[in-house]
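We did not get these values from a lab; they are worked out from the coordinates using the rules stated. Note that this is a predicted model, so its numbers are computed, not measured. Every residue, glycine among them, receives a Cβ derived from its backbone with ideal geometry; neighbour counts consider all protein chains shown.
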Amino acid sequence: MTPAVTYELIKKDKQTGARLGIVHTPHGSFETPAFMPVGTQATVKTMSPEELKEIGSGIILSNTYHLWLRPGHDIIGEAGGLHKFMNWDRPILTDSGGFQVFSLSDMRKIEEEGVHFRHHLDGSKLFLSPEKSMEIQNALGSDIMMAFDECPPYPASHDYMKASVERTSRWAERCLGAHSRPEDQGLFGIVQGGEYEDLRRQSAADLVSLDFPGYAVGGLSVGEPKDVMNRVLEFTTPLLPEGKPRYLMGVGSPDALIDGSIRGIDMFDCVLPTRIARNGTLMTSQGRLVVRNAKFARDFGPLDPNCDCHVCKNYSRAYIRHLIKAEESFGIRLTSYHNLYFLLNLMEQVRQAIREDRLGDFREEFFEQYGYNKPNAKNF
Ligand SMILES: [Zn+2]
């Protein structure tokens, strides 16, 4: 049986070793390194599927936890799956629900069988396990499913992390056993182990032996400094098979997308661009811009003079500032559109730099222009 999800390595950047590739799925292919906009509730907030296509989104992510609780995976299954339900015919990745259980619910109890917790909205008692996560994701029909893992907080002790990694490996095996649609959905394993090299090695070895069609690096972007994340990636990505995609979970700041690509990552996701857009914060070619600030009240120029998105071609900083301050929903549509366009366009520039063997140079130019090299700069 051909796996539902496969990876084609096109070439590596001669300066950095970053990978240019294509991930093939039952709903089409997308080029990597790729950023995946997050559509938690079966919608990327404020964006229509048509707009997502217009800005070049090759794949989106949706959250199993939220869709399980509302409207329920049975309803989405009856609709013919998540693609039909939300009118998105390109690839979809769903997470396992584990991260939300661990981050949204403080009333939880982890057992070998799974996790007991309370609903974050109504307080009712719920239970999520590897088998339940697979049942939900099989009903949603995502192209890429994620194994149910534990995502421990940062920092965690070596003892705690070791027990957690071992449980995550046992859960990964149970996920494979419970996955009922391997011919049309690819299940990725998640390497855990925090900042500990021996545990990342152990986790990667366990998961690679189970032969998943792709692997994620989990447990990063949970509050650790950026140099810790980069160091962990440096010793973790070489442990993963060359011929399969690698996904760094929960990362979406421009510097981390570039630095992750340089360390051999192919896929990223994060709510950052849409979350900051909702309070009027933009990513631009010259760095972070807070359009709410009074200094933009009479600025009739675009959000980003170097951006050719629909928003920057047609609307001014002064107008968008007014909409955001007046709490008009059109304002956050415009800022969300621009921020997503900015990140998708950044990834296209990263892929182009790999094609031309100049990602190291591109990183330097970008960091200089974005302001990452300035001491104490406020950035994303
Ligand atoms: Zn723009």
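Neighbours of E173 by Cβ distance under 13 Å: Lys/Arg scored +1, Asp/Glu scored -1, total -3.
The region of the chain that goes longest without hitting one of the trypsin sites (Lys or Arg not before Pro) in a DSSP loop, each with at most 10 other Cβ atoms within 10 Å, is 1-297. Every helix of 4 or more DSSP H residues in the chain counts as -39500 (n - 2.57), and over all residues that averages to -12000 deg cm²/dmol at 222 nm. Per residue, the average separation of C-alpha pairs within less than 8 Å and at least 6 apart gives the chain a relative contact order of 18 percent.
Of all lysines in the structure, the ones whose alpha carbon falls short of 30 Å from that of K14, not counting any fewer than 8 places away in one chain, are K226, K244, K374.
Arranged from fewest to most other beta-carbon atoms within 10 Å of their beta carbon, C307, C175, C270 become C307, C270, C175. A run of the chain free of exposed loop cleavage sites, with GluC sites (Glu not before Pro) counted only in DSSP states other than H, G, I, E and B and at most 14 other beta carbons within 10 Å, reaches its longest extent at 1-110. Taking Cα atoms only, the orientation of helix 197-209 departs from the longest principal axis of the chain by about 70 degrees. Ordered from longest to shortest, the equivalent ellipsoid semi-axes for the stretch 105-168 are 22, 17, 10 Å, each the square root of 5 times a Cα gyration tensor eigenvalue.
Pull up the cross-link candidates among the lysines for K125, meaning alpha carbon to alpha carbon under 21 Å and not fewer than 8 places away within one chain. Candidates past the 8-residue exclusion: K109.
Whole-percent P(r), the chain, all Cα pairs, 20 Å bins from 0: 29, 59, 12, 0.
Of all lysines in the structure, the ones whose alpha carbon falls short of 18 Å from that of K295, not counting any fewer than 8 places away in one chain, are K325, K378. Rounded, prolate or oblate: which fits the stretch 277-368 when a ≥ b ≥ c are the square roots of the eigenvalues of the alpha-carbon gyration tensor, with rounded for a/c under 1.5 and prolate only if a/b beats b/c? It is prolate, given that a/c is not under 1.5 and a/b is the larger ratio. When the chain is treated as a GNM with alpha-carbon contacts under 10 Å, the residue of T274, T43, T32 showing the greatest mean-square fluctuation is T43. Annotation: cysteines of the chain without a disulfide-compatible partner (Cβ-Cβ under 4.7 angstrom) are C151, C175, C270, C309. Overall, the chain carries a charge dipole of about 1220 debye about its Cα centre when +1 sits on the Cβ of Lys and Arg and -1 on the Cβ of Asp and Glu, all other atoms neutral. Dipole of the chain computed with +1 at Lys/Arg Cβ and -1 at Asp/Glu Cβ about the Cα centre; of P245, T94, L199, farthest Cα towards the positive end is T94. Ellipsoid fit via the Cα gyration tensor, the stretch 38-153: semi-axes of 26, 14, 13 Å, each the root of five times an eigenvalue, largest first.
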